Amino acid sequence: MSNLPDNDIPENNNIPQNEDKSRQMMPWDLLNPNQPRSTKELQNSRLAICRECEFFNALTVGCKKCGCFMRMKTKLHNATCPVGKW
Ligand code: SF4
């Protein structure tokens with residue numbers, strides 16, 4: 001049992017009230033059902049661009065620039081290529 005009265009519990013001002021939609025997507029955004037998903041066509045066109053890219057690692061199907069696994073990252077509609085290719 002806490003010795004603090006209820007009115008001494010600090011407010012947490014670090015929790016964003018409105019998510020910034022312009023921020024960079026992160027891997028855990030795939031766990032958020034509110035993050036919009038890409039269509040299959042968009043995923044495939046993004047992956048086709050990656051496969052031609054000098055930063056693409058065919059072994060891991062990953063990006064050497066951002067370190068992401070591209071089969072996952074391309075599913076996030078708001079994700080972007082770190083060098084602006086898509
Ligand atoms: S995300 Fe961009 S930099 Fe990374 S492999 Fe794809 S096209 Fe290349």
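Rule-based calculations on the coordinates, nothing more; no lab input. Treat the numbers as computed from the prediction; the structure is a model and nothing was measured. Quick reminder, even Gly has a Cβ in these numbers, built from the backbone with ideal geometry, and neighbours come from all protein chains shown.
A few comments on the model shown:
- ³J(HN,Hα), Karplus 6.51/-1.76/1.60, whole Hz, each residue of region 40-57, x for Gly, Pro: 4, 5, 5, 4, 5, 5, 5, 5, 5, 5, 4, 5, 9, 8, 5, 9, 7, 9
- Residue-count net charge about LYS75 - beta-carbon cut-off 13 Å; Lys, Arg +1, Asp, Glu -1: +3
- The ellipsoid that matches the Cα gyration tensor of region 37-86 has semi-axes, each √(5λ) in whole angstrom, of 16, 11, 10, with the longest given first.
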